[in-house]
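The values are calculated or read from the model by the stated rules, or taken from the named source; none is laboratory data. This one's a predicted model, so the numbers in the text were calculated from it and none came from an experiment. Quick reminder, even Gly has a Cβ in these numbers, built from the backbone with ideal geometry, and neighbours come from all protein chains shown. We work out accessible area using only protein heavy atoms, side chains counted, and drop any ligands, DNA or RNA first. Shrake-Rupley method; radii C 1.70, N 1.55, O 1.52, S 1.80 Å.
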Amino acid sequence: MPYTQFLPNEAATLALGERTASLFRAPVVIHLQGNLGAGKTTFTRYLLRALGVAGRIKSPTYAVMEPHETPSGLAVFHFDFYRFSDPAEWEDAGLRDAFAAPALKLAEWPQQAGGLLPVPDLDVLIAPEEGSAAEDGALQARRITLTAAPPLGRRLLNTLDSHTLESF
């Protein structure tokens with residue numbers, strides 16, 4: 001069963017990243033979907049910070065993949081397939097090895113990979129709320145939906161009680 005949460009501001013997005021970080025301490029594949037500027041990288045940044053990743057956490061739009069490591073030693077690969085246009089890039093970039101590694105894998109724009117990605121354990125859809133932009137155009141409110149694929153994804157979402165997601 002999917003979980004949907006309204007996030008009225010950046011602080012709520014940060015809080016969700018912090019509260020869900022405990023779910024992602026083992027190898028998991030997460031697809032992050034949403035329009036340009038919806039908050040996929042922002043959510044990823046907050047999640048990785050909550051996992052203890054230090055240093056700069058940037059969008060891998062041009063690099064396709066940014067590697068990180070948590071203090072506990074968990075490898076994290078953050079992918080952005082926005083500019084991905086040819087499946088041959090998959091092999092050229094060594095992505096088969098990255099996806100075979102025991103790591104937390106966060107993939108933005110997974111649909112651009114043309115079916116080369118593994119089925120996600122969790123699919124995260126982030127959508128801006130209509131009329132929620134500030135005067136400077138910055139996104140103020142989002143709606144996030146977490147959908148699990150069995151069996152691991154369901155176990156992960158089952159660990160989230162309604163208290164966790166509805167406390168924003």
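In segment 43-122, a dipole from Cβ-located charges (positive for Lys and Arg, negative for Asp and Glu) runs towards its positive end, and of A93, T44, A75 it is T44 whose Cα lies farthest in that direction. Restricting the trypsin sites (Lys or Arg not before Pro) of segment 1-91 to loop positions (DSSP other than H, G, I, E, B) with no more than 15 neighbouring Cβ atoms within 10 Å leaves R25, R56, K58, R83. FRET efficiency for the V119 to A54 pair, using the beta carbon distance and R₀ = 30 Å, is estimated at 0.45. Calculate, for N35 and M1, the FRET efficiency according to 1/(1 + (r/R0)^6) with r their C-beta to C-beta distance and R0 30 Å; round to the nearest 0.05. My answer for the efficiency is 0.75.
Scalar couplings 3J(HN,Hα) for segment 31-43, obtained by applying the Karplus form with A = 6.51, B = -1.76, C = 1.60 to θ = phi - 60°, are 9, 10, 10, x, 5, 4, x, 6, x, 4, 5, 4, 4 Hz; x denotes Gly and Pro. The distance between label points at A127 and D97 comes to 4.0 nm (points 7 Å beyond Cα on the Cα→Cβ vector).
For segment 37-67, which chymotrypsin sites (Phe, Trp or Tyr not before Pro) are in a loop by DSSP, counting at most 11 other Cβ atoms within 10 Å? Passing sites in segment 37-67 are Y62. Ordered by solvent-accessible area of protein heavy atoms (1.4 Å probe), largest first, the residues T147, T13 come out as T147, T13.
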